[in-house]
Every structure is written in structure tokens, then in C-alpha cells.
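Trainee: Here's a structure for you.
No value in this document is a laboratory result; all are computed from the given coordinates. Just so you know, these numbers come straight off a predicted model, no measurement behind them. Cβ sites come from the backbone with ideal geometry, for glycine too, and all protein chains shown count toward neighbours.
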Amino acid sequence: MGCVSATGFNTVVETIVTCDNNVTDHLKVDCGSVVRLYGWWLSPTTTALSVVLLLLKHRTAVVGFSFRKGTRNVRSEEVGITIIESAVAKGAVCLDGSPPAYQLDKGFGDGVNNWLVHIQGGGWCHTIDDCVYRKTMDNGLGSSKLMPELYFSGILSNRQDFYNWNRVYIRYCDGSSFTGDVEEVDPANNLYFRGARVFNAIVEKLTSLGMKNVQNVI
């Protein structure tokens, strides 16, 4: 079962399903197993919608699905956070004194020496009270201890043109757009204004992971 168009395009959609009856000949289903839908000469988006509609029509519950177009790898949009513990010794820390962090999905194939770098935003804290509050926020903008994993979407998605590049999310946690470099810490509030050191520590780490061989970077 399967077909390829004149342009050589072939889409495969895989999904884990549970079901209570059989579906059409386009889907070969064992309940609780992997389903594959081949071809139809459709774009990945159209194919995905077709799968969802077919599964809903036959009362099939979709747990999750992923794409594979041509030789592209199917890779999750979830990318784990890496904490740079060694940066603390250099004084490169978030507002609360926790280590800096980043998320990296490593490149492959002809994209192994290309880098797409996204620097997280989040505004500034403008007063001491504001910065004290910021380091307790559960969005992690003041502490890597509280950082949630961020999904790689949009230009960072593995379904975009840069799917096989090194795609990195530099996490923001210093409250001043990576510009602070104050040595002293007031014991009354225990705030660390070390954003410049945080940025340097992350870039240094990425350099050791292959960025030193970069050919293209965005």
C-alpha cells in the first residue's frame, strides 16, 4: 500500500490510536497499534487533517501524530532544558542565583554546521520589588528552577525549512535582557544582576557543542 506522485512526494503520517471498529482500506488498524496513512499526493497539513477526520468519523481516539516527508526525521517538538551548572562558578546566574539554561535540538545531515538561535524575551523588572517578585514567577523568567520546557514552534519547528539545523532556545532569566554584570549582591533581597555573564556562559557552552564550526547562523 502506498503511492508517490510525479514529483516524488510521499507523506507518511503515524499515529497511536485506540478504536472500536475497523476503518477504511486506506488505514490498516489494530486497536492500540501504529497506523500509517500513505500518499494521496497531499501536503503534510492536508494529510494530517484527512487522518484526523477519518479517525473521528470511525470513532477512533487520536493520542498523537507526527509527520515524515521524504527523508525528514520525525522528531518531537518537545526539547529538554539543559542547565549549565558549571556557570555558577563564573558568577553567571539568574536573578535568584540559579544556573542559566538553554534548549537545543541538534542538527543533522547537511544542517549539522548551521545554527538557528532564538533568544527568549520577557521584558525587564524595573524596581527591586518587581525583580524580587520576578524570581518567584512560575514562567521561569527569574529562575531556572522554575522554568517550564518551551515547545519548539514556528521557525523553530522541525517541520520548517531549518528542520535539520541546530535549533536553540536561549532561556531568559536575568530581568534585564542579558545586560547585567554587577558583582555585589544585596543580602536584603539576594538579587543577582548577571545577564551579560549568563549570555556569555550559554554561548560558550554552545560553542563547545559545535557552534565553533558554524557555516550559517540566524
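Trainee: State the extension gain, in nm to one decimal, for the chain segment bounded by Asn216 and Asp130, taking 0.36 nm per residue of separation less the distance between their alpha-carbons.
Mentor: Details: separation 86, 0.36 × 86 = 30.96 nm, distance 3.86 nm.
The Asn216-Asp130 span can extend by a further 27.1 nm.
Trainee: Oh, and also: Given Val182, Gln103, Met211, which one lies farthest toward the positive end of the charge dipole of the range 81-217, if we put +1 on the Cβ of every Lys and Arg and -1 on the Cβ of every Asp and Glu?
Mentor: Farthest towards the positive end: Met211.
Trainee: Hey, rough spin-label estimate for Glu184 and Asn113, points 7 angstrom out along Cα→Cβ, what's it come to in nanometres?
Mentor: If labels sit at Glu184 and Asn113, their model points lie 4.8 nm apart.
Trainee: Compute the distance from the alpha-carbon center of the range 141-160 to that of the range 85-111, in whole Å.
Mentor: Value for the Cα centre distance between the two parts: 13 Å.
Trainee: Can you tell me which aspartates and glutamates have their Cα less than 17 Å from the Cα of Lys212? Leave out same-chain residues fewer than eight positions away.
Mentor: Asp105, Asp110, Glu204
Trainee: Moving on to the next point. Sorted by packing (mean other beta-carbon atoms within 10 Å per residue), highest first, where do 205-213, 170-178 land?
Mentor: Details: 205-213: 13.8, 170-178: 23.2.
Order by mean packing, descending: 170-178, 205-213.
Trainee: Calculate the spin-label point distance for Arg159 paired with Lys145, positioning each point 7 Å from the Cα along the beta-carbon direction, and give it in nanometres.
Mentor: 3.8
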